[in-house]
Amino acid sequence: MKKKIIITESQLKTLKQNLFEANAHSNMVKTLKEFLDNYYERVDAYVREGGEYFNEIKIKNKIDEELMSVKSLYEYMNYKFDVNEEFIKQVIRDWVSGTINDDYQLSKNVSL
């Protein structure tokens, strides 16, 4: 048994906008994740401070194997991609922790 739903034009416009935004959001997450996967790798580095060693997360560039800080990676991606700064930070956080899966959703809802 089929049922029909009747909606107004404004409801249709809102629905289309929500679908487009969700698609654009996941596409941008996918683009940034693929960029990170192709060129960078998460590395655990041990840094000596005051006679003790501390575990610190570093990012290794796969091209020249140079180690960089997460902050340096963020600054580069903020320069390269024209999206919200908080969005880039959240993508990097989720990429480092490995929580971005095949649906390309972030662990925290951040707008483009």
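What follows draws every value from the coordinates through simple rules; no lab data is involved. A quick note: this is a predicted structure, and the numbers were derived from the prediction, not measured. Note that we place each Cβ from the backbone using ideal geometry, even for glycine, and neighbour counts take in every protein chain shown.
Quick notes on this structure:
- Model label sites at Leu12 and Asp103, defined 7 Å from Cα along the beta-carbon direction, differ in position by 2.9 nm.
- For the chain, the residue among Ile57, Ala45, Thr8 whose Cα projects farthest onto the positive side of the dipole built from Cβ charges is Thr8.
- Dimensions of the chain along the principal axes, based on C-alpha atoms and rounded to the nearest Å, stand at 71, 30, 24, largest first.
- Pairs beyond 23 Å (Cα-Cα), from Lys16/Lys80; Lys33/Lys62; Lys33/Lys80; Lys33/Lys58: Lys16/Lys80
- The lysines within cross-link reach of Lys13, meaning a Cα-to-Cα straight distance under 19 Å and a gap of 8 or more places when in the same chain, are Lys4.
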